[in-house]
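Structure provided below as structure tokens; questions to follow.
The values are calculated or read from the model by the stated rules, or taken from the named source; none is laboratory data. The model shown is predicted, which means the values in this text are computed figures rather than measured ones. Cβ coordinates were reconstructed from backbone atoms using ideal geometry, including for glycine residues, and neighbour counts include every protein chain displayed. Just so you know, the surface numbers come from the protein's heavy atoms only, side chains and all, with ligands and any DNA or RNA stripped out. Shrake-Rupley method; radii C 1.70, N 1.55, O 1.52, S 1.80 Å.
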Amino acid sequence: MSTEKTPAAARHPDRLRPRSDDDLEACVRVLAEVHRADGYPVDWPARPGAWLAPAAALGAWVAERDGAVTGHVALAAAGDGDLAPALWSGRNGSRTAATAVVGRLFVAPWARGRGLGALLLGRAVEEARGRGLHPVLDVVASDTAATALYERLGWRRLATVAQHWGPSREVSVHCYAAPLPSEPPSSASAVRRL
């Protein structure tokens, strides 16, 4: 009998794979469900397909079960106005180009409770690290479910800052950095609970 453990992604009933252009329509439908249920994204994009596929993308993945998209995550190069890359770089004496921004992470409301958020986030982290980049992200402070996920998985809050989203709108945003590869997650059971 082997004592080797099977990686969580290999035993998970949902399959992770790179997102293709053919997936965008299904991703937009799931994103619309998430927006109605949770208010993410805060402002519905005028072109949601383009929002999911920004020019600075380093990769994007979907989770699917029985051919249905159940979740999504993307990884992008740091851009102007990204807060977390600047905070991480300033604290570590590195360039913002040494970071990758995790974003567009969502799971269909009907597919939650199976650890998809953790699996998708883990896939983006793996890609960033494979490129020699440190994963970071920004999340609106009011998204307590996302904040709880990141913190259970050992992500460190770098700061909470106010962003100006228009002339008379200020939004609080938490900036996070992934744990270093040598740091264990804050809870060994975190992935199973999500």
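Limited to the range 154-172, what total is found for residues that are in contact (Cβ under 8 Å) with a residue 40 or more places away in the chain and either open to solvent by 90 Å² or more (accessible area, probe 1.4 Å) or closer than 30 Å to Ser182 by Cα (or both)? Even if it seems obvious, please write down each step before you answer.
Within the range 154-172, the subset in contact (Cβ under 8 Å) with a residue 40 or more places away in the chain is 158-159, 161, 163, 165, 171.
In the following step, the residues that additionally are either open to solvent by 90 Å² or more (accessible area, probe 1.4 Å) or closer than 30 Å to Ser182 by Cα (or both) were identified as 158-159, 161.
Residues that pass the stated criteria total 3.
In the set Val136, Val171, which member is of a type in the set (Val, Ile, Thr) and at pLDDT 95 or above? Show your work before the answer.
On the way: Val171 fails: at pLDDT 95 or above.
So the residue among Val136, Val171 that is of a type in the set (Val, Ile, Thr) and at pLDDT 95 or above is Val136.
Same structure, new question: So, in the range 50-80, of the ones that are in a strand (DSSP E or B) and among the charged types (D, E, K, R), which residue ends up modelled with the highest pLDDT?
Among those that are in a strand (DSSP E or B) and among the charged types (D, E, K, R), it is Glu64.
Sticking with this structure for a sec: What do you reckon, is Pro184 modelled with pLDDT under 90 and under 22 Å from Val42 (Cβ atoms)? Walk me through it before giving the result.
Values: modelled with pLDDT under 90: yes; under 22 Å from Val42 (Cβ atoms): no.
Against the criterion (modelled with pLDDT under 90 and under 22 Å from Val42 (Cβ atoms)), Pro184 does not qualify.
Take Ala63 and tell me if it is among the small types (Gly, Ala, Ser) and open to solvent by 60 Å² or more (accessible area, probe 1.4 Å). I'd like the intermediate steps shown before the answer.
Numbers: among the small types (Gly, Ala, Ser): yes; open to solvent by 60 Å² or more (accessible area, probe 1.4 Å): no.
The answer is no for Ala63.
Sticking with this one: Report, by residue number, each residue of the range 32-49 that is part of a helix (DSSP H, G or I) and within 15 Å of Val107 (Cβ to Cβ).
Of the residues in the range 32-49, the ones part of a helix (DSSP H, G or I) are 32-38, 48-49.
Passing the criteria: Ala32, Glu33, Val34, His35, Arg36, Ala37, Asp38.
May I pose another question? I'm trying to understand the selection: among the residues of the range 84-94, which are within 15 Å of Ala178 (Cβ to Cβ) and part of a helix (DSSP H, G or I)?
Ala84, Pro85, Leu87, Trp88, Ser89, Arg91, Asn92
Can you give me the number of residues within the range 95-109 that are touching a residue at least 60 places away in the same chain (Cβ under 8 Å) and assigned to a helix (DSSP H, G or I)?
1
Just one of (1) at pLDDT 90 or above; (2) exposed (fewer than 11 other Cβ atoms within 10 Å of the Cβ); (3) of a type in the set (A, V, I, L, M, F, W, C); (4) assigned to a helix (DSSP H, G or I) trips up Ala10, so point out which.
(1)
Listed residues Leu153, Leu149; which is touching a Gly at 6+ places or on another chain (Cβ under 7 Å) and among the aliphatic types (A, V, I, L, M)?
Working: Leu153 fails: touching a Gly at 6+ places or on another chain (Cβ under 7 Å).
Of the residues listed, the single one that is touching a Gly at 6+ places or on another chain (Cβ under 7 Å) and among the aliphatic types (A, V, I, L, M) is Leu149.
Checking the condition loosely packed, with under 15 Cβ neighbours inside 10 Å and either β-branched (Val, Ile, Thr) or under 15 Å from the mean Cα position of the chain (by Cα) (or both), which residue from Val34, Val42, Val107, Val125 passes? Working first, answer last.
Values: Val34 fails: loosely packed, with under 15 Cβ neighbours inside 10 Å; Val107 fails: loosely packed, with under 15 Cβ neighbours inside 10 Å; Val125 fails: loosely packed, with under 15 Cβ neighbours inside 10 Å.
Going through Val34, Val42, Val107, Val125 in turn, the sole match is Val42.
Which ones in the range 128-147 are open to solvent by 20 Å² or more (accessible area, probe 1.4 Å), part of a helix (DSSP H, G or I) and within 19 Å of Pro41 (Cα to Cα)?
Hits for the range 128-147 are Thr144, Ala145.
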